[in-house]
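A.B. asks: Quick one: this structure, given as structure tokens, is what I'll be asking you about.
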Amino acid sequence: MPLSITPAIKENNESPLKFLKERQEAKESGRNAIIAGLQELREQQKNVIMELTKLEDDRREHARVIEVLRKMETDRKCYRMVGTTLVQHQIGTVIPILEATLSNLNNLTRSMKDSLMEKGKELEQYTEKHNIHFVSEKELSKHSQISIPKK
């Protein structure tokens, strides 16, 4: 009895095993692309978190400096780093500059928090779209104990 081969295989004169192997490789490359996409999104989220942490540190530092300078006389000398240059000012002229910078840092921090929330939603949608589930070590060990038959 002759072997029945699908039309795509007949036209290419390929063996059924080669066809199945190529199909399996295509599935694997699709999975790898999905995993790479997930890793890219997680990396982007991590970068946003690191940037947000730096901004919050700068914001706290500016707030502390403003708090200390307000307790001092406004005509006293102070030094401020501008780029790589240390510039001499009076406290009265530096406080408004620092307050403006603090305001900008607050706005930027809010914007970065919004960006982090958006990235989290994007990551959640991606995991739902591709049916990705994260498994804890406890669940993994529980599942492996069930899978391994005991003698």
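Values quoted throughout were computed directly from the atomic coordinates according to the rules given, and no laboratory measurement underlies them. Model, not experiment: these values are computed from the prediction. Glycine also receives a Cβ, built like all others from the backbone with ideal geometry; neighbour counts cover every protein chain displayed.
A.B. asks: Summarise the long-distance tail of P(r) for the chain by giving the % of C-alpha pairs beyond 28 Å.
C.D. replies: Of all Cα-Cα pairs in the chain, 59 percent lie more than 28 Å apart.
A.B. asks: So, one more: Pick from LEU55, LEU17, LEU38 the residue whose mean-square fluctuation is largest in a GNM of the chain, springs joining Cα atoms under 10 Å.
C.D. replies: Highest fluctuation among the options: LEU17.
A.B. asks: Whole-Hz Karplus ³J(HN,Hα) for the range 80-94, in order, using 6.51 cos²θ - 1.76 cosθ + 1.60 and θ = phi - 60°, x for Gly and Pro?
C.D. replies: 10, 7, 10, x, 10, 10, 8, 10, 8, 9, 9, 4, x, 8, 7
A.B. asks: Sticking with this structure for a sec: Cβ under 13 Å from MET117's Cβ, MET117 left aside: what net charge do those residues give with Lys, Arg +1 and Asp, Glu -1?
C.D. replies: With Lys, Arg at +1 and Asp, Glu at -1, the neighbours total 0.
A.B. asks: With labels modelled as points extended 7 Å from the Cα through the Cβ direction, what inter-label distance (nm, one decimal) is found for ASP57 paired with GLN90?
C.D. replies: 3.5 nm
A.B. asks: Estimate the FRET efficiency between THR109 and VAL68 by the formula 1/(1 + (r/R0)^6), using the beta-carbon distance for r and 30 Å for R0, to the nearest 0.05.
C.D. replies: The computed FRET efficiency comes out at 0.90.
A.B. asks: Which of the residue pairs LYS27/LYS121; LYS27/LYS119; LYS71/LYS113; LYS54/LYS77; LYS46/LYS121; LYS54/LYS119 have a Cα-Cα distance greater than 23 Å in the structure shown?
C.D. replies: Checking Cα-Cα distances, LYS27/LYS121; LYS27/LYS119; LYS71/LYS113; LYS54/LYS77 exceed 23 Å.
A.B. asks: Are there GluC sites (Glu not before Pro) in the range 37-117 that DSSP puts in a loop and that have at most 11 other Cβ atoms within 10 Å, and which ones?
C.D. replies: Those that pass, being in a loop and sparsely packed, are GLU73.
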